[in-house]
Amino acid sequence: MEHAVHDEPTLHMGAPVNTGKLALWIFLSTEIMFFTALIGMYVVLRNGTPTKDQPWPLPEQVHLIEWVGALNTFVLICSSLTVVLAHLALSKGQVGRAVQYIAVTLALGLVFLVIKGIEYNSKFQHDILPGHVYDRLDGRRGTQYLEHIRAELKHSTEHGAAGDAKVKDCEELLKEMELKDGRAKITPAEVGTKVKALLDKYHDLHLTPVIPFGNLWASCYFAMTGFHALHVFGGLVIFVIILVMALLGRFGRQHAMMLELTGLYWHFVDIVWIFLFPLLYLV
């Protein structure tokens, strides 16, 4: 008796999503863990290190301007909108309009980096860099601070208008800092307090304040915003490649998935900044 032979059903094992999209989500998962570690580090240090007498630096102490950070947030949100509109236009076959939206997205990303560059320049001008901030005034560090402030006061008095109230106050503090038997009349901590009072009175005075936990803040700030800026730059490189493809006539509707994946990455960059903005500028 013959037995009927039945074909075994073929099982197709594969991801239920596009392989490119799966790869991107895996990549973004690693990026989420990376930025979660950075942000978690900042939150732990921010809430665990300061004391009542020495609080965490305020935005104005480290030359952060809230409205500048808010402007950059708005710029990135607008760029996320334009990349969505670009993908929508491309899926409808409107290649020219999609290219226009991509160009706008690129321009907004460049605006973000330019503003961030201006902020970084401010930090360099005021020497708010890791290891450069005077956050404590004990021992050798205190002696260095006295020498530094003495030089700044001399520069302010020499280049200020004669008889100006600001110059007089600087000259008065300089006299108090005169050495007696090789030692200063007032302690570095007292100088730091007087410098703060002068800066509160004259906002345009270039003196270095004492910023408790300033070096720790600077390390966190440059680590978080620096890595984020690198990710923004990476996204801009992709947008430039797309625009070059469009100029060569090699960009079309068939690249809709490529643009969608690029948009997902760009949204991730945007979301990271939405977390960084309030942590650094508002809290």
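The values are calculated or read from the model by the stated rules, or taken from the named source; none is laboratory data. Being a predicted model, the structure only gives us computed values, none of them experimental. Just so you know, the surface numbers come from the protein's heavy atoms only, side chains and all, with ligands and any DNA or RNA stripped out. Shrake-Rupley method; radii C 1.70, N 1.55, O 1.52, S 1.80 Å.
At a glance:
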quantity: Over 18 Å between alpha carbons, listed pairs K123/K201; K123/K175; K116/K201; K168/K196; calculated: K123/K201; K123/K175; K116/K201
quantity: Option label - Rg/Rh (Cα atoms, Kirkwood Rh) computed here, alternatives (i) 1.12; (ii) 0.95; (iii) 1.21; calculated: (iii)
quantity: Kirkwood hydrodynamic radius over Cα pairs of the range 77-138, then Stokes diffusion coefficient at 25 °C and 0.890 mPa s, in µm²/s; calculated: 173 µm²/s
quantity: Protein accessible area in the chain, 1.4 Å probe - carbon and sulfur %; calculated: 64 percent
quantity: Average accessible area per residue (Å²) across the chain - probe 1.4 Å, nucleic acids and ligands excluded; calculated: 58 Å²
